Amino acid sequence: MAPSTPIKMTHRFLGNSGLLVSKLSLRSWMAYDEKYTVDAWYEMVKMTYQHGVNFFDTAEIYGNGQAEELLGGAIKKGIAEGIWSREDLIISTKKFNGYKGFTDGGPNDQGNSRKHIVEGLKASLKRLDLDYINVVFSHRPEPYTPIEETVRAMSFVINQGPQESYHR
């Protein structure tokens, strides 16, 4: 259900993933605030989509998960209203921001370990209320997990199917 009027947005391949994404994306960074609503996010996502944006980026840390919830709600509303289909959108999320200290929360609810990547992705899918995520990024390297473990964990979640590619 791509926009009916021609849009002059440039689209590019995202690495070697085969995904064509808009040159501009809507990033959902925010601090947690109860004033944000799904309806407001829907209007923002709808406006950018109507201008050719198909790439929407979020992260587990944005608003402590609220950004994923609001973006997911906006996506569902657009699908229900026939503005777009899930297949029209490229959704990315990120794991491990490096924001939390190891004393904030549980010791394994952050980082690039297999445990956090697998469980964090499941939590993101639940917050977004989506069946899959197109791209999963690692926000940044972290000094305590060998890069080999991070790559194996990302390969594992890719092979499980709820996302299509991993980029760093």
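The values are calculated or read from the model by the stated rules, or taken from the named source; none is laboratory data. All values reported here derive from a predicted model rather than from experimental measurement. All Cβ positions, glycine included, derive from the backbone under ideal geometry; neighbour counts span all protein chains shown.
Here is a list: 77, 122, 126. Which entry is modelled with pLDDT of 85 or more, outside any loop (DSSP other than H, G, I, E, B) and surrounded by 14 or more Cβ atoms within 10 Å (Cβ to Cβ)?
Details: 122 fails: surrounded by 14 or more Cβ atoms within 10 Å (Cβ to Cβ); 126 fails: surrounded by 14 or more Cβ atoms within 10 Å (Cβ to Cβ).
None of the other options fit; the residue is 77.
Yes or no: residue 36 in contact with an Asp or Glu (Cβ under 9 Å, 6 or more places away or on another chain) and more than 14 Å from residue 135 (Cβ to Cβ)? I'd like the intermediate steps shown before the answer.
Values: in contact with an Asp or Glu (Cβ under 9 Å, 6 or more places away or on another chain): no; more than 14 Å from residue 135 (Cβ to Cβ): yes.
So residue 36 does not fit the description; no.
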For this session: Sort out which residues of region 1-54 are over 18 Å from residue 90 (Cα atoms), modelled with pLDDT of 85 or more and either part of a loop (DSSP other than H, G, I, E, B) or more than 18 Å from the chain's Cα centre (by Cα) (or both), and write them in order of number.
Result: 35, 36, 37, 39, 40
Problem set entry | Members of region 80-101 found to be over 21 Å from residue 32 (Cα atoms) and either modelled with pLDDT under 95 or not in a loop (DSSP other than H, G, I, E, B) (or both), listed by number | 80, 86, 87, 88, 90
Exercise. Taking region 55-74 as the search range and keeping residues that are touching a helix residue (DSSP H, G or I) at 6+ places or on another chain (Cβ under 8 Å) and not in a helix (DSSP H, G or I), which one is farthest from residue 125 (Cα to Cα)?
Worked result: 56
